[in-house]
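Colleague: Take a look at this one; I'll ask things after.
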Amino acid sequence: MKSPLLSLPGAVSAEGVDEGVAAHYGDLFREQRALADGAGFVDLSHRGVVAVTGEDRLSWLHLLLTQHVSELPVGEATEALILSAHGHIEHALYLVDDGTTVWAHVEPGTQEALIAYLESMKFFYRVEVADRTADFAVVHLPAGSIAEVPDGVVVRETAYGRDLFLPRADLESYAAKSGPAAGLLAYEALRVEHHRPRLGFETDHRTIPHELGWIGTAVHLQKGCYRGQETVARVQNLGKPPRRLVFLHLDGSEVHLPPHGAEIRVADEGADGRKIGFVTTSVRHFELGPVALALVKRNLPADARLVVGETAAAQEVIVEP
């Protein structure tokens, strides 16, 4: 869906999976600073919105998700994954229960496949699953924001801010009194700074939760009964993940950021050295300069000097080797 906020002054549309909302409104670093200071909002109305109702909603989702949600308190935010039978990440859900409905926002375009899977698992449970993307838009308020939330709007509050499930018809009027608007590039820069993985960016077809540090935040190790749980338990108890997420500080003299998938090599081995990982997300941060998240081989020494293409990079450990 194309956001009506793309008509705001200076708005430049994002590309790829994020097409339909603004990448920025003319001043990337100003927008980042505003969010870091708790001001403004981010239009995330391109994200999918899924609602689950019915008296069995929590106990049913508990059987399908990696997170412990059977007794999820009203208004408490959490996040969860759906894994394949082999433990690979298929979906990431950002959840809150309002007392009658579990609301989740998901990556753009993934809601249809998610709902198809959920529908196939309903059996005799008293639940209803609905795609509410056409009716509700996700709006993000940064941590520390004092912006008002309209009565009746479901809020998902975390340490990083509040996600509002705003009626889509109210998006323009809410934006008019909640500025300044910040684009998705500013939001992504802060996500990278906080080492938060994103489905489809930090994940590929073989990613398991341990590689990204999603154990604990999205995976509860004291529960079972979900698809892929055997892999999670085996890696946790007996093995090590093959890759690990790292934070990269990139040489600021380079004009261009490395794209998603850019190969990472050990600097001492030269241009023909072995590939030891790839960039997942790269951004320009208003304080840190060019930085990135990347997946590298688990056994790569934490002090190894790296290059991304011809750009020097220093790693900061996120997932312990």
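Colleague: Sort S282, S45 by accessible area with a 1.4 Å probe, largest first.
Modeller: S282, S45
Colleague: Oh, and also: Taking amide H positions as placed in the peptide plane 1.01 Å from N, state which residues far from L83 in sequence (5 or more) or on other chains have amide H under 5 Å from it.
Modeller: Under 5 Å from the amide H of L83: E90.
Colleague: For the chain, taking Cα atoms only, what is the radius of gyration to one decimal and the Dmax to the nearest whole Å?
Modeller: Spelled out, the Cα radius of gyration and Dmax of the chain are 20.0, 60 Å.
Colleague: Taking the DSSP beta bridges in the chain as the whole, what percent of them are antiparallel, to the nearest 5?
Modeller: Numbers: 66 of 69 bridges.
For the chain, the DSSP antiparallel bridge percentage is about 95.
Colleague: Which percent of the accessible area of segment 167-299 is formed by carbon and sulfur heavy atoms (probe 1.4 angstrom)?
Modeller: 51
Colleague: A further question follows. Starting from the Cα of K177, draw a straight line to each of the lysines and keep only those under 26 Å, dropping any in the same chain fewer than 8 residues away.
Modeller: Qualifying lysines at Cα under 26 Å: K2.
Colleague: Excluding ligands, DNA and RNA, what is the solvent-accessible area per residue of the chain at a probe of 1.4 Å, expressed in Å²?
Modeller: 45
Colleague: List the lysines whose alpha-carbon lies under 21 Å from that of K122, not counting same-chain residues fewer than 8 positions away?
Modeller: Excluding near neighbours in sequence, the set is K223.
Colleague: What residue among Y125, L185, V155 has its Cα farthest toward the positive end of the dipole of segment 117-197, where the charges are +1 on Lys, Arg and -1 on Asp, Glu, each on the Cβ?
Modeller: Y125
Colleague: Follow-up. To the nearest µm²/s, what D does Stokes-Einstein give for segment 142-276 at 25 °C and 0.890 mPa s, using the Kirkwood radius over alpha carbon pairs as Rh?
Modeller: Taking Rh from Cα pairs, D becomes 129 µm²/s.
Colleague: Could I ask something else about it? For a quick check: with amide H placed at 1.01 Å from N, whose amide H comes under 5 Å from T110's, ignoring anything fewer than 5 positions away on the same chain?
Modeller: Result for T110 returns G48.
Colleague: Then there's this: Once Lys and Arg get +1 and Asp and Glu get -1 on their Cβ, which of H205, H194, L245 lies farthest toward the positive end of the dipole of segment 185-269?
Modeller: About the Cα centre, the residue reaching furthest to the positive side is H205.
Colleague: Also, quick follow-up: Would you grab the residues whose amide H sits under 5 Å from the one on F136? Only those 5+ places off in sequence or on another chain, please, with H modelled 1.01 Å from N.
Modeller: Placed amide hydrogens put R168 under 5 Å from F136.
Colleague: Divide by every residue of the chain the summed helix terms, -39500 (n - 2.57) for each DSSP H run of at least 4, and state the resulting mean residue ellipticity at 222 nm, rounded to the nearest 500 deg cm²/dmol. Can you show the working numbers first?
Modeller: Details: 6 runs with 53 residues, N = 321.
Computed mean residue ellipticity for the chain: -4500 deg cm²/dmol.
Colleague: Taking just the C-alpha trace of segment 229-321, give me its Rg and Dmax in Å.
Modeller: Radius of gyration, then largest Cα-Cα span, for segment 229-321: 14.1, 46 Å.
Colleague: Shifting gears a bit: PRE reach from T53 (point 7 Å along Cα→Cβ): which of segment 110-153 fall under 11 Å by backbone N?
Modeller: 128-130
Colleague: Show me the three semi-axes of the equivalent ellipsoid for segment 80-152, from the C-alpha gyration tensor (sqrt of 5 times each eigenvalue), largest first, rounded to whole Å.
Modeller: 26, 16, 12
Colleague: Please give the residues of segment 160-189, grouped as numeric ranges, whose backbone N is less than 19 Å from a label point set 7 Å along the Cα-to-Cβ vector of E148.
Modeller: Answer for this model: 162-181.
Colleague: Further question: K275: which lysines have alpha carbons under 28 Å from its alpha carbon, excluding same-chain residues fewer than 8 sequence positions away?
Modeller: K240, K297
Colleague: Something else about it: Using a simple charge model, +1 on the beta-carbon of Lys and Arg, -1 on the beta-carbon of Asp and Glu, nothing else, what dipole does the chain show about its Cα centre, in debye to the nearest 20?
Modeller: It comes to approximately 740 debye.
Colleague: Sticking with this one: Alpha carbon centre of segment 214-243 versus segment 1-64: separation in Å?
Modeller: The distance from the Cα centre of segment 214-243 to that of segment 1-64 comes to 29 Å.
The values are calculated or read from the model by the stated rules, or taken from the named source; none is laboratory data. Please read all numbers here as calculations on a predicted model, not as lab measurements. Counting neighbours? That spans all protein chains shown, and the Cβs are built from the backbone with ideal geometry, glycine included. With ligands, DNA and RNA removed, areas are computed over all heavy atoms of the protein, side chains included. Shrake-Rupley method; radii C 1.70, N 1.55, O 1.52, S 1.80 Å.
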